[in-house]
Structures are given as structure tokens and as C-alpha cells.
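*Asks:* Just passing along the structure, written as C-alpha cells.
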């Protein structure tokens, strides 16, 4: 039995004065009476903090973090406890902000990349931070007491601009994707910060044939979806969840390619806790995909289009992300706005 | 390092005589929006766009002597046929031919084209820029860079690059 679902626009948030590149929901909000909060970042060089009003359910801008980054802020990420916010910028730095009684203070600035930083990600425990850049490298930083950050590894391997880094949801394994069309997997081989590339997912592995813009894990961490300029989404899987138990790393393999759904570059993809993944693309549309629970799954899991929201924005969509709690879906666009959506029947 | 001209003897093509577009009578709805077609986009790009080949981008001296102030149309870098427009789908594709196969300025030309369109077309437009197939040694690499929105955005935050693009796009005073 199929119920028809729709993506209903809850709110359109204006404020940024240039394209919105990315956003991140604060993982420590949206439950136990704590209002949902998210951060957004923009070509206007600022980061904005938005909070939901518990009675009206509407979001408003609580803070604007400005006069720190001197160029576009490309990506932002809250630490797992929601106490710190990392922001990555084209100015080649990553800033760390702390919420001190409602005001956000920049407590640390991570330098080292040679040019634009594209993405930042915290590991599940909040003990490690990863950044990546057009300088083709991925950096791993260790969180020290007193908001100090120490670079423990500079990972070379990609041959071009690295677009995104993401830690696995449960293991300390790092994933990166790049303009070189590859996805790389990095793990600490010894015990003493010996980070190495343990796998490369490229064209020979049924990989993407153009820039890979983003990746996202399913709730159990045994599958990942990637999106690309090659107009496809690819789903990858691994054998075991506890990848480091029983002697080592279990490789990832291609499971499924979703082709023919997108006509322009797919910039973002995010897997919800409920098993739906959303894509945001340069054709201004949001698409939702689910597991195709049909009888014939001989060749492995398949996915189908659940719905397509045309003209979700007036311009390219750069980022989509499901919120904690309910969930709601947030989207960020070149049109300078952020929209919050509810999936309803 | 380039100190001389990259293309000292460009072939100049005769400029096509184009009929003046007749102004539609506005007796009906003054707010009617005319659909954009390829001729209009072509005009946007080339009416006042003179490209001076004597700029040194890589060299240590800034030579601003416009030795070859011919338009891209006259140099056949672009022709009307190479501009595809679909106004209903808000789509434009521009195919250009760099004058020399190894022309390092292909990315600069492409960037100028993109900026000019960005400043002239409604924001709903999707723009693809590419070099004509077979016209450039590293065609795929150039196309990829020209169509990577993030790379273009970062490049346009470089003031030196923006100055150069602005200079190329500035109308010439003949």
C-alpha cells in the first residue's frame, strides 16, 4: 500500500546576502524540550545560527558570526555535544567557535591548508576533526584540552581538489571525495597516528566519472551514498559494521547506481535516520529516495525515487540535511535562502 | 613566462552584418517579458567585448598595450551558432574556440564569458561553457574547471583575477 507523501515548505529563511553553501543541524537539539538549532554558512563570509521557537515552530536568526573569516565560509559542523562549531573557509582557515552564554566566540583558528578549505567533520567521539582543501590534502586534528587543536596527520593521495570529508558514524575511519572523481577511505593503521589510505573507490570499482561532491552514511553505518557531477548517485556497502574487529578493515563495494534522475550536477545527498536519502541538485530540485522493497532483490538492494520537489529553490541547491528529532529537512541555495521542509502525507 | 604575444598573427574574420532587431510595439502589455534567444545572448557577450591579447598574465611585466583589439566575434572565437539558448528551460550553452590550440587563456576567456553572462542574464539561468570539441589540447580539463561552480566562485574572490576579467569586459572607446 502506497501513501502519497509530499515535501511541505515550513519556512523560508532569509538573511544571508550571498549564496548559502552549507548548513549543519546541532545534534544536541531537537529533543527533551530543547529547540532545534542549526548553523548556516555563506559567500557573504558569515555564519548564522537559527533556532526554532517551540510554540510557533518557526525559526529565527539568533546570531551572526562575522568579522572572522575574510572569504566565503564553505562548510560548518557542530561537535557531537553541540558545544563547539567548526567553520571552514576559502580564506584557508578553519575557525572553532564556542557558545559562551548565547554569544559565539572564536576560540581557535586552524591554519595550514595552502588554499580554500572545503569541508570539516568531527568524529563520533568529538576527539578528532578533519578538514580538506583545494590543495588536495586532508588534515586530521586532535582535540586537546583548552580548545587547542593539534594536527596529527596531513594526508596526501587525492590528485585534485578535495570537496568533502566525513567521519564514519561509529568507527574512526575517514572518507573523502574529490574533483579527481575518487572516494578515499583513511584509517589509523598502527596506534600512533599512522593514517593511511586503505581504499580508493574510483572508476575501476564502478565509481563516479566526474567530481564527487558529497557522501552520507545510513544510520547503521554499513552503507554510504555518494553524489556527483556525473549526474548519478551511487550506493556503497561494507560487510561488517565493526570494521576493526577480527583483524582489519572490511572493504567497501559498489551496490547500486541511480542514473537518469538528475540532469544537472548533484551537490548534496543526506541519509535520514528513517532510511530515506535526499539529494539537492543544480536543477533547483530536491529528490527523495527509498529502499525498493520489491520481491526481486537478487542483485542486492535497489532504491527508488520517492518524490521530486521541483523548483524547491529559485537557484542551485548546495546542501540538504535531515534534522535530529522529527525529522525536518533543511536546504541551502544559491538564491541566498534556506528552506525548512516537512515530509507529510 | 610569456613576454611576447601568445598569438601574434590572429586571423581576422569579417564581422557579420546583422539586421537591426525591430522593437516590438508596446501597445499591449508593457510588462510583457520578451523571451531571450541566442542572438540576444550573443549580443550580450560580444557587442562591447574586446579582447586584448597582449595582456601578460604569467609574465612579470604588465603590458596593457592593446595590440589586437579585435572582438571575439572577429577572431571567430565565438559565432552566433555556438550559442544555444532555451529561454523556457532557462538554459544557455556557449561553445567557444580558443584561437590557438594550446592557448593558456582558454580558462580566462571561459571565465570572462561566464562572468559576463552572470551579470547580464536573469538569475534563473543555468549556464554551461565549453571549448569547441577538438579545439584544445586539454579540452576536458578546461571544461571541467569552467563548469565547477565552486572553483569559479573561489577564482572570482581573487581580486587580481577579477580586475583582469573586468578589464576584458570593459567597453572599448573607439
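The values are calculated or read from the model by the stated rules, or taken from the named source; none is laboratory data. Please read all numbers here as calculations on a predicted model, not as lab measurements. Don't worry about glycine lacking a Cβ; one is built from the backbone with ideal geometry, like all the others, and counts go over all protein chains shown.
*Asks:* In segment A:109-119, how many residues are surrounded by fewer than 19 Cβ atoms within 10 Å (Cβ to Cβ) and part of a strand (DSSP E or B)?
*Replies:* The total comes to 1.
*Asks:* In this structure, does residue B:119 turn out to be out of contact with any strand residue (DSSP E or B) (no Cβ under 6 Å at 6 or more places or on another chain) and within 9 Å of chain A (Cβ to nearest Cβ)? Quick ask: steps written out before the conclusion?
*Replies:* Details: out of contact with any strand residue (DSSP E or B) (no Cβ under 6 Å at 6 or more places or on another chain): yes; within 9 Å of chain A (Cβ to nearest Cβ): no.
Considered against the rule, which asks whether it is out of contact with any strand residue (DSSP E or B) (no Cβ under 6 Å at 6 or more places or on another chain) and within 9 Å of chain A (Cβ to nearest Cβ), residue B:119 comes out as no.
*Asks:* Identify, please: which residue in segment A:325-335 is out of contact with any strand residue (DSSP E or B) (no Cβ under 6 Å at 6 or more places or on another chain) and at pLDDT 95 or above and is, among those, nearest to residue A:75 (Cα to Cα)?
*Replies:* Here the residue is A:334.
*Asks:* Kindly indicate the residue of segment B:132-149 that is in a helix (DSSP H, G or I) and in contact with a strand residue (DSSP E or B) (Cβ under 9 Å, 6 or more places away or on another chain) and also nearest to the other protein chains (Cβ to nearest Cβ) among those meeting that condition.
*Replies:* First, pick out the residues of segment B:132-149 that are in a helix (DSSP H, G or I): B:139-146, B:149.
Narrowing the set further to residues that are in contact with a strand residue (DSSP E or B) (Cβ under 9 Å, 6 or more places away or on another chain) leaves B:139, B:142-143, B:146, B:149.
Numbers: B:139: 15, B:142: 14, B:143: 11, B:146: 12, B:149: 7 Å.
Once the filter is applied, the top-ranked residue is B:149.
Condition check ((1) surrounded by 17 or more Cβ atoms within 10 Å (Cβ to Cβ); (2) within 23 Å of residue A:275 (Cβ to Cβ); (3) out of contact with any helix residue (DSSP H, G or I) (no Cβ under 6 Å at 6 or more places or on another chain); (4) within 14 Å of chain B (Cβ to nearest Cβ)) across all residues:
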{"site": "A:174", "(1), (2), (3), (4)": "yes, no, yes, no"}
{"site": "A:188", "(1), (2), (3), (4)": "yes, no, yes, no"}
{"site": "A:219", "(1), (2), (3), (4)": "no, yes, yes, no"}
{"site": "A:236", "(1), (2), (3), (4)": "yes, yes, yes, no"}
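*Asks:* Residue B:129: outside any helix (DSSP H, G or I) and buried (at least 18 other Cβ atoms within 10 Å of the Cβ), yes or no?
*Replies:* Yes, satisfied.
*Asks:* Can you report the number of residues in segment A:155-172 which are within 14 Å of chain B (Cβ to nearest Cβ) and either crowded, with 19+ Cβ neighbours inside 10 Å or closer than 14 Å to residue A:226 by Cβ (or both)?
*Replies:* Taking segment A:155-172 as the starting set, the residues that turn out to be within 14 Å of chain B (Cβ to nearest Cβ) are A:159-164.
Still in the running and either crowded, with 19+ Cβ neighbours inside 10 Å or closer than 14 Å to residue A:226 by Cβ (or both): A:161-164.
Residues flagged as within 14 Å of chain B (Cβ to nearest Cβ) and either crowded, with 19+ Cβ neighbours inside 10 Å or closer than 14 Å to residue A:226 by Cβ (or both) within segment A:155-172 amount to 4.
*Asks:* Still on this structure, I have one more. Which residue out of A:107, A:143, A:152, A:138 is farther than 22 Å from residue A:26 by Cα, modelled with pLDDT of 95 or more, away from every other protein chain (no Cβ under 14 Å) and over 16 Å from the mean Cα position of the chain (by Cα)?
*Replies:* A:152
*Asks:* Considering only residues that are buried (at least 21 other Cβ atoms within 10 Å of the Cβ) and in a loop (DSSP other than H, G, I, E, B), which ones fall in segment A:1-45?
*Replies:* Listed by number, the residues that qualify are A:16, A:26, A:36, A:43, A:45.
*Asks:* I would also like to ask the following. Mind listing just one residue for me: the one in segment B:150-174 that is within 14 Å of chain A (Cβ to nearest Cβ) and either in contact with a strand residue (DSSP E or B) (Cβ under 8 Å, 6 or more places away or on another chain) or not in a helix (DSSP H, G or I) (or both) and, of those, surrounded by the most Cβ atoms within 10 Å (Cβ to Cβ)?
*Replies:* Going through the qualifying residues, I end up with B:150.
*Asks:* Specify the residue that is nearest to the chain's Cα centre (by Cα); the eligible residues are those in segment A:183-219 that are closer than 18 Å to residue A:122 by Cα and not in a strand (DSSP E or B).
*Replies:* That would be A:218.
*Asks:* Hey, any hits in segment A:116-127 for a residue that's in contact with a helix residue (DSSP H, G or I) (Cβ under 6 Å, 6 or more places away or on another chain) and at pLDDT 95 or above?
*Replies:* yes
*Asks:* Same structure again: Looking at this structure, is residue A:70 closer than 21 Å to residue B:158 by Cβ and within 14 Å of chain B (Cβ to nearest Cβ)?
*Replies:* Values: closer than 21 Å to residue B:158 by Cβ: yes; within 14 Å of chain B (Cβ to nearest Cβ): yes.
Judged against the criteria, residue A:70 is a match.
*Asks:* So, one more: Anything in segment A:306-329 that is under 17 Å from residue A:227 (Cβ atoms), away from chain B (no Cβ under 14 Å) and crowded, with 20+ Cβ neighbours inside 10 Å? List them, or say none.
*Replies:* A:309, A:320, A:321, A:322, A:329
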